[in-house]
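What follows is one structure encoded as C-alpha cells, with my remarks underneath.
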6 protein chains.
Amino acid sequence: MRFEDLNWMDIEKYLAQDDRLMVVLGACEQHAYLSVLSDVKIPQALADSASLQTGVLVAPALNFGSSPYFLDYPGTLSLRISTLLDMVEDVIRSAYRQGFRKFLILNGHGGNDPVRARLYELMNHLEDTRIAWYSWWLSHSVLELAQKYDLKPSHANWLEAFAFTRVADLPQEAKTPPNIPGLMGAAEARQVYGDGSFGGPYFVQEIVMEELFKTALQDVLRLVKFD
Amino acid sequence: MRFEDLNWMDIEKYLAQDDRLMVVLGACEQHAYLSVLSDVKIPQALADSASLQTGVLVAPALNFGSSPYFLDYPGTLSLRISTLLDMVEDVIRSAYRQGFRKFLILNGHGGNDPVRARLYELMNHLEDTRIAWYSWWLSHSVLELAQKYDLKPSHANWLEAFAFTRVADLPQEAKTPPNIPGLMGAAEARQVYGDGSFGGPYFVQEIVMEELFKTALQDVLRLVKFD
Amino acid sequence: MRFEDLNWMDIEKYLAQDDRLMVVLGACEQHAYLSVLSDVKIPQALADSASLQTGVLVAPALNFGSSPYFLDYPGTLSLRISTLLDMVEDVIRSAYRQGFRKFLILNGHGGNDPVRARLYELMNHLEDTRIAWYSWWLSHSVLELAQKYDLKPSHANWLEAFAFTRVADLPQEAKTPPNIPGLMGAAEARQVYGDGSFGGPYFVQEIVMEELFKTALQDVLRLVKFD
Amino acid sequence: MRFEDLNWMDIEKYLAQDDRLMVVLGACEQHAYLSVLSDVKIPQALADSASLQTGVLVAPALNFGSSPYFLDYPGTLSLRISTLLDMVEDVIRSAYRQGFRKFLILNGHGGNDPVRARLYELMNHLEDTRIAWYSWWLSHSVLELAQKYDLKPSHANWLEAFAFTRVADLPQEAKTPPNIPGLMGAAEARQVYGDGSFGGPYFVQEIVMEELFKTALQDVLRLVKFD
Amino acid sequence: MRFEDLNWMDIEKYLAQDDRLMVVLGACEQHAYLSVLSDVKIPQALADSASLQTGVLVAPALNFGSSPYFLDYPGTLSLRISTLLDMVEDVIRSAYRQGFRKFLILNGHGGNDPVRARLYELMNHLEDTRIAWYSWWLSHSVLELAQKYDLKPSHANWLEAFAFTRVADLPQEAKTPPNIPGLMGAAEARQVYGDGSFGGPYFVQEIVMEELFKTALQDVLRLVKFD
Amino acid sequence: MRFEDLNWMDIEKYLAQDDRLMVVLGACEQHAYLSVLSDVKIPQALADSASLQTGVLVAPALNFGSSPYFLDYPGTLSLRISTLLDMVEDVIRSAYRQGFRKFLILNGHGGNDPVRARLYELMNHLEDTRIAWYSWWLSHSVLELAQKYDLKPSHANWLEAFAFTRVADLPQEAKTPPNIPGLMGAAEARQVYGDGSFGGPYFVQEIVMEELFKTALQDVLRLVKFD
C-alpha cells in the first residue's frame, strides 16, 4: 500500500502491528530515450510489488536526486547534495517520530549514494533504528543476470528500458560507450554522452526485463524481512 | 504532459517553443479521513487538467511540505522549512538553466507559504523570470463559491473531499470547529484537532465538488497564460 | 518595560513572578513617504503601550525583516529568509532558557510571515511554550475599522501613517493601486510601485489613526493575557 | 541622522552625495547593574554624536550579538555565531546594492569579533568596498585614558557606566576580579562572575566618563572620514 | 613537493608553468591494529612518491573524513558529511582562484565518497577545471593484484598494513569476516567489528605490499598526467 | 604522542587514565619567505614537545584556517569561517564522545580566533568540558620576551622564522611596516603587504628563537595541567 491510498488512521493501525517502511529515492534526470523519471519509476515499481506481497507500506517517492552532471540536459531537475541529504533526513525523522523503525531505502539513482553518509549519522541519533539500502542495479543477483546474458548494465541502456520507463522508440543499434575523462561538468557531460546513454544495447527482449525485475524483487522481498 | 511521460529530447523540443512550467507543491500530512497525500493530489489534478488544455508541462510533484504541527499524526512526513525552501530553489534553478522562464506554482498546502519568500529572493538572481503562485483554496473565485453554498473552507473538511482524495467513508455529521489557542506544537495540535479536520461538514454533493474543481481550474488556465 | 531599561537582576525578579515576553518583529524597508522603520515603530508602540498597562516585558526589537522585493529602494535592509528565521529562533531559545514561556510576537511586516513556520518547529522542541502571533494590520478588528471608514489597508498608505511614522509631508491625492503581475523581483517592484505605496489615500484624520491604534492595542492586551 | 527618521527618498538623496554608513553592532546581555542593552547604547550614542557633526547616516542597530557564556543570566538574548555573521552580511549586502560603499562598524561587544572574519570574506565579493571596524573600548586613546586614571577597563565595570547605561544604583566598593579558568560555559560563568562585572570600580566620576566618551568620539570622527 | 616545504613565491613560480595539484583526502578513524591515520598516510605516501617523479605539488592533507559508524572506537575523529564537503570545496576554490586547474584527489577513505557529489557541483561553477578522483583500493589494477594473490581487500586487513601504517604487532591468524546487517550505528558497529578489521589476514609479506604500492603508484602517475 | 603513531586500542588505554587532548589549529597561508604551513608547524612543534614531557595526546592537525585576506597569494588555502567552525566542532564532539574532556587548543593563526565563539557554544552542550585556548604569539611571556629584545612580533617577520619554518633565504634588511587602511580584501592586501611580511626584521639570532620557543612551551606545559 502506498501512503497516498491511506489516511492517518490507517497508518496508525499499521503501526500497531508493523514498523517497517519502504522509501523510494529517485531522480528526475535525462535517461536518453527513456522517461526522465526512470530512476523513480523502477524502485517505485519494486516497492509496489513488494508491498503487494508483504503489506509493508510505501512512502511517497522523493522525486528528485542529485544529478549536477546532467544539468545541461533539459528535464534534469537536480537538488544540491546538501538539500537531498536534508530532505531524506527530514522524512526519516518524521516517520521515526510516529513509530517507524525499519527503513528499506529503494534507491534508483547512483548520484544519491551520498545519502548513505547522512543515514549513518542519523543512526547515531535515532535509537533502535534499522536501515537497509538497496540500489537495485548494483545487486549481486542483478549483476549475475547481466553476466548470464553477456550484457553490461549502464545508465539509460537496456538495463533501465522497462515497459514502464519507455516513452519513445529506442534505437536498434547498440551504442559505443564513450570515454570518460574523470569527473565532468554539465557542459562536457552533454558533449561526451550525446543522447545520454552510457552505451551498449538500448533494449533487450521483454522476457529478460521481466526476469530482471523479478530478480530485483526477490532482493527486496528478502531485505524487507529485516531478519 | 507530465515530465514522467517524456524524455529529455521531448522537453528540449518543448523549450524551443515554450518556456512555461507548472510546479506542484504539496504535503504529506494528516487530512482526517482523506488521503495523507491530498495536498499533492489536488494541485496535481489541476495541473494535469490545465496541461491537457494548454500543453504546458508539469514537473514531478514535490511530495513533501512543511507540517511540523501535524507530526504526531502518523503519516505526516514534514520537511524542515529550510529544507523545503532549498528544495524548491534547486528545482527552479535547474529548470531555469535549461530555459524555463515562467513558473506557475500550484500549491496545495498552507504551510508551504514561506516558499514565497525564497522565490522573491530567487527573482533577484534569475533574470527575466516570472513566477505566479496559486494556492487554490485561497482564490477569490473559490471563496465566492464557498459563500454561495454557505460553506466554510477548512483543512480536511468538505473543501478537500474530492472523489480522488477520499480513501475511506466520511462522517455524516458536521464537526464543530475547535478553539485554537495561538500556535500549537504537535502534541497539542493532535489533542485539539482530534480526527484532524478543522471542522464543518466532511463532504458535500459531488456536483459541488465538480464546480469547485472547475472554478479553480479556470484560475489556473488564466494564470498559466502569463499575460 | 523594555529590556533596555533593566539590568539582569530586574529581569530575574520579573521571571520569579511572570514568564511572558513581547517580541517586536519588524523590517527596515521602503514605506513611501513614511519612515523606513515604520514596521518596527508600530508594533513597538503597541508593545510599549501594552507593557505600560500590564507590566509585561518587551524584548529589544528585531530591526530587520525579509523584504527582497524592495531591495532596489534605498534604505531597505533585508535579511535572507533563512537568517531571519535563525535570528528569531535564537532569541526565543535564549529567553526560554532563562524561564520565559509565553511569547507574544508583535509583527509589523507581512514578509516576516515565514517566521511562523520556524516557531511551529520550535514548539516541538521547547516544552510548555505558548506562542501567539499578532500581525496587527490583519486583525479582525482592524479590518472592521477599515471597512467602517471605507478604507483599504495597504503597505505605506494611510494605514501606517501614524504621527510617529511620518517623517515628511504626505501627498494630498490618493494613489491608484498598481496592477501586480505575480511575484516581482526588486527591479520590477520599484518600477511598478513607484513611490512605494500600494495605493489609496496617503493619510486620514489623526482621530482615525488614534482609533486604529486603540483597536490594535485592545487585541494586544487580550492576547498578552494568554488565557 | 538615523534611518528611522528618514524615508527612502531621503536616503536616495543622501546616496547621490555620500556613500558612507555607520552600522551599530551590539549585544543584549548581562551587564551587572547596568542596562542589558549597554553594548548597543554606547556605540549608538557615539554614532548619533558623530552623525550630528558629519551628517553620515546611521543604520538601525543590530540589537543582538553573540554571548553564549552569559546565557544563564536572565535578559541575555544571544545569537548563534553563524546567525550573527549572516545577519551582518545581509545588512551590508543590502546597503551595498543601493550604493553604500564605506562602512564604519561601531561595535559594542567583544563577542562580536568573529564578524570581522565574515566582513573579510565579503570584501572579496563586493568591489570598491571599504570597511572600518571600531571596538571603542580597545582603542589606543581609550586605553591611554584608562591608564591616565589608573583604571582597568573591563566588562560591566566603570568603563561602561555612562549616565545612559545606568538603570540602578551601583555598588560603592570596587570588586575583586575573579580568576578565569579558560573558556567557560554559561553555568560556570554565572558562578564565577556573580553579579556579572569583571571587577574593579563600578563607576567613576561623571567627568571622567564624559572625557571617555569624547575620546572615543574623536576616534569615530577620524575613522568616518575614510581618508 | 609538499606545500609545507614551500613559500608562496615558490608556488607562484610553479603556477607559471603548471596548474596541477594533488589533494590528499583521508580520515582519522579506527583501523584495528594499524594507525588511526592510515587513511591519510597511504594516499600521502602515494602523493609524495608521485610528486618526486613528476614535480606536481601536494596540498596539505585533509586529516579528517566522514566515519560516523566508527565513532565508538576511541581515536575516530569524524566530520559531519556537510562539513567535509564544505572543507573540500573551500580548498579547491582557494587553489582555483590562484590558478590551479587540474586536481587529482587522492582519497584514502571509502566514507569520503560523497565528496564527489560536491565536486560535480563545483565543476559547474569553476570553468576549465579538471578533476580526477582516485580511491586507490578500488582501482582495477589493485583488485587484480589482490586476485592474483587470492586476497580480499578490506578495511584494516592486510590491504592497509604497510610498513608505514603499522604501529603495533599484528595477529597471526586471519579473522573471519563478520556478518553486516545493513547500515549500522556506531554502537552496533563496534560490537560487530570487534577489533575493527573487516576480516581476512591482518598482513601479508612485505614484498606483496611493495608490489601493491607500486601498482597504485602507477595509477597515480598515469592520472596525474591529465591527458 | 601523536594520534598517527597509535591505534584505537592505544587511545582507549590512554583514556582509561587521562582525558586531555591537545588540538593543533593552523592555517595554510602566505608567510612571506617562510613555509605556507608555518601556522601549523609552530603549534605542532609546541604540542609535540609538550607531549614528550607530559604524555598528553596530540590530535592530527587541522591544516586549514580562515585567511580570506590572503587569497591572492598563491598557496593560501582558506576555509570559509563557517566551515572552520564546523570542522572544529566536529573534531571536539567526536573526541568528547569517546571520553576526552579537557581540550588545549594550540592555535597558530590569528584569523582562527572566531573559533572561540563556537567553543563557547559547545561548552553549553558538552557537560564537564574544559577548554583552554592558546595563541602562542599573544602570550604575556612571549610579548615580554619580544620587549626584552626590543622586537615587534608580527605576521611572517622574525617572530615566526624558526629553523623549522624557514624554506628559503631571508632578506637581511628589516621591512618598514605598511600602513593598514581598515579591513582589506585579498587584492588590496596583496598590494599593501607586498612580500607578505607585516614588517620588521625577517629574522633574529637562532638563540633568541630557541628562547622564544622555550617560553611558549612553558605556557603550554602550564596550561595542559588544567589545574
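FYI, it's all coordinate maths here, none of it is from the lab. For clarity, every value in this text was computed on a predicted model and none was experimentally measured. Heads up, the Cβs are rebuilt from the backbone with ideal geometry, glycines too, and the neighbour counts pull from every protein chain shown.
At a temperature of 25 °C and a viscosity of 0.890 mPa s, determine how fast chain D diffuses translationally according to Stokes-Einstein, using the Kirkwood radius over alpha-carbon pairs as Rh; express D in µm²/s, rounded to the nearest whole number.
The calculation lands on 134 µm²/s.
So, counting K/R as plus one and D/E as minus one, what does the shell of residues with Cβ under 12 Å around A:Gly26 add up to?
Result for the neighbourhood of A:Gly26: -3.
Mind listing the long-range amide H neighbours of B:Asn107? Cut-off is under 5 Å, sequence gap 5 or more, other chains count too, H placed in the peptide plane at 1.01 Å from N.
Correct list: B:Leu25, B:Tyr134, B:Ser135, B:Trp136.
May I ask for the distance between the Cα centers of the range A:65-83 and the range E:21-82, given as a whole number of Å?
First find each Cα centre; the distance between them is then 29 Å.
Would you tally the net charge around B:Asp227, using a Cβ to Cβ cut-off of less than 11 Å, leaving B:Asp227 out, and scoring K and R as +1, D and E as -1?
The answer is +4.
Could you tell me the center-to-center distance, by alpha carbons, between the range B:113-167 and the range C:86-128 in angstrom?
26
Which aspartates and glutamates have a Cα less than 19 Å from the Cα of D:Lys152, not counting those fewer than 8 places away in the same chain?
Output for D:Lys152: D:Asp39, D:Glu144, D:Glu160, D:Glu173, D:Asp195, D:Glu206, D:Glu210, D:Glu211.
Report the convex hull volume per residue for the range C:99-227, counting only C-alpha atoms, in Å³.
About 151 Å³ per residue, rounded to a whole number.
Taking C:Asp169 in one copy and the same position in all the others, each labelled 7 Å out along Cα→Cβ, what are the pairwise distances from the first, in nm, shortest first?
When each copy's label point is compared with this one, the spacings are 5.4, 7.4, 7.7, 7.7, 9.9 nm.
At 7 angstrom along the Cα-to-beta-carbon line, where would the label on B:Ser141 sit relative to the other copies? Give the distances in nm, shortest first.
3.8, 5.2, 6.9, 6.9, 8.2
With Kirkwood's inverse mean 1/r over C-alpha pairs for Rh, give me the Rg to Rh ratio of the protein assembly as shown, two decimals please.
0.96
Would you mind listing the distances between the E:Leu52 label point and the same position in each other copy? Use 7 Å along Cα-to-C-beta, nm, one decimal, shortest first.
2.6, 6.3, 7.3, 7.3, 8.3
Need one number: % antiparallel among DSSP beta bridges in chain A, to the nearest 5.
20
Could you state the orientation-averaged shadow area of the convex hull built on the Cα atoms of the range A:8-111, in nm² to one decimal?
So the mean shadow area of the Cα hull is 6.9 nm².
Report for the protein assembly as shown the percent antiparallel among DSSP-assigned beta bridges with both residues inside it, nearest 5.
Restricted to the protein assembly as shown, the bridges split so that about 25 percent are antiparallel.
Per-residue HN-Hα couplings for the range B:26-32, Karplus 6.51 cos²θ - 1.76 cosθ + 1.60 at θ = phi - 60°, whole Hz, x for Gly and Pro?
Calculated HN-Hα couplings, in order: x, 7, 10, 8, 3, 9, 6 Hz.
For the range C:36-76, what is the convex hull volume of the alpha-carbon atoms per residue, in Å³?
That works out to 61 Å³ per residue.
Summing +1 for each Lys or Arg and -1 for each Asp or Glu, what net charge is found among the other residues whose Cβ lies under 12 Å from the Cβ of A:Leu62?
Within the 12 Å Cβ shell, the charges total -4.
In terms of Cα to Cα distance under 23 Å, which lysines are near enough to F:Lys225, apart from those fewer than 8 places away along the same chain?
F:Lys13, F:Lys41, F:Lys102, F:Lys214
So who's got an amide H within less than 5 Å of the one on D:Gly200, skipping anything under 5 residues away but keeping other chains? H placed 1.01 Å off N, in plane.
Here the answer is D:Lys175, D:Thr176, since their amide H atoms fall under 5 Å of that of D:Gly200.
Quick one: which residues, 5+ away or cross-chain, put their amide H under 5 Å from the amide H of C:Cys28? H built at 1.01 Å from N.
Under 5 Å from the amide H of C:Cys28 lie the amide H atoms of C:Gly65, C:Leu77, each far enough along the sequence or on another chain.
Determine which chain D residue has its Cβ at minimum distance from the rotation axis mapping D onto B, giving the value in whole Å.
D:Ser82, 7
Would you work out which of C:Met1, C:Val23, C:Trp133 lies farthest towards the positive end of the dipole of chain C, given +1 charges on the beta-carbon of Lys and Arg and -1 on that of Asp and Glu, about the Cα centre?
C:Trp133
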